[in-house]
1. Can you find, within the range 1-50, the residue that is surrounded by the most Cβ atoms within 10 Å (Cβ to Cβ) among those that are of a type in the set (Asp, Glu) and part of a loop (DSSP other than H, G, I, E, B)?
2. Which of the following residues is in contact with a Lys or Arg (Cβ under 8 Å, 6 or more places away or on another chain) and open to solvent by 10 Å² or more (accessible area, probe 1.4 Å): 124, 66?
3. Among the residues of the range 102-121, count how many are buried (at least 20 other Cβ atoms within 10 Å of the Cβ) and either touching a residue at least 60 places away in the same chain (Cβ under 8 Å) or out of contact with any strand residue (DSSP E or B) (no Cβ under 8 Å at 6 or more places or on another chain) (or both).
4. Looking at the range 29-51, I want the residues that are free of Cβ contacts under 8 Å to residues at least 24 places away in the same chain and have a partner that is open to solvent by 30 Å² or more (accessible area, probe 1.4 Å) and outside any strand (DSSP E or B) with Cβ atoms under 7 Å, at least 6 apart or on another chain. Which pairs are those?
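The values are calculated or read from the model by the stated rules, or taken from the named source; none is laboratory data. Everything numeric in this text was worked out from a predicted model, so none of it was measured. All Cβ positions, glycine included, derive from the backbone under ideal geometry; neighbour counts span all protein chains shown. Ligands, DNA and RNA are excluded from the accessible area calculation, which covers all protein heavy atoms including side chains. Shrake-Rupley method; radii C 1.70, N 1.55, O 1.52, S 1.80 Å.
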Amino acid sequence: MSTPPGYFDTLYGASADPWDLAGRWYEQRKYAVTLASLPRRRYRAGFEPGCSVGVLTRQLAARCDRLIAADRVPSAVDNAAARTRDLPNVEVRRLTVPEQWPEDTFDLIVLSELLYYFDDEQLRATLDRAVTGLEPGGTLVTVHWNHPVPEHVRTGPEVATAVAATPELCLLSEVRDTDFTLQILMRRNDDGSAPRSPAQQEGLV
């Protein structure tokens, strides 16, 4: 079964930033690797569900003309909104995915530390939503903690296996760190072909 909502309510009730996303070097390093792995310099529209307190949100905003960030926990939404208040291109919403999803289409969707909370049904529904909302050639980022946690349904490598099996997506790059697994995937073109890599886009190949 998916991780129950009460788990998150308890965590945020005890701490404004339960995972110390703003302070831990582990998180700072992971965010740096994530941002460096993005295949485009700039994105038109991004979506980051499960944004927590908005630490990664603020960094993603520097690469997006417009960014929607969302979380299901009201205090997390408030903190993320406060953290990005000076950024006019960021909108923070309270949403519970996959049931709630923006109507917009995006060329960047970031699923960071989110998918391991979902059972098989919710995981597939979330990936279906992501594929539907992602423009052809758009970028899907997944990055997840590798180590077993009682409240997690699966580990980072197990998430990566499920994501890679999505036929509408093709894998551009993957980082198999000891502690996390990062995947950069692109939605296939309408004819089923793989989008061009960064080197191909610049005529290097």
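1. 17
2. Just one listed residue meets the conditions, 66.
3. 11
4. 42/63
Results for (1) touching a strand residue (DSSP E or B) at 6+ places or on another chain (Cβ under 9 Å); (2) surrounded by fewer than 17 Cβ atoms within 10 Å (Cβ to Cβ); (3) assigned to a helix (DSSP H, G or I), shown as yes or no for each residue.
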{"site": "152", "(1), (2), (3)": "yes, no, no"}
{"site": "159", "(1), (2), (3)": "yes, no, yes"}
{"site": "163", "(1), (2), (3)": "yes, no, yes"}
{"site": "173", "(1), (2), (3)": "yes, yes, no"}
{"site": "178", "(1), (2), (3)": "no, yes, no"}
{"site": "181", "(1), (2), (3)": "yes, no, no"}
{"site": "190", "(1), (2), (3)": "yes, yes, no"}
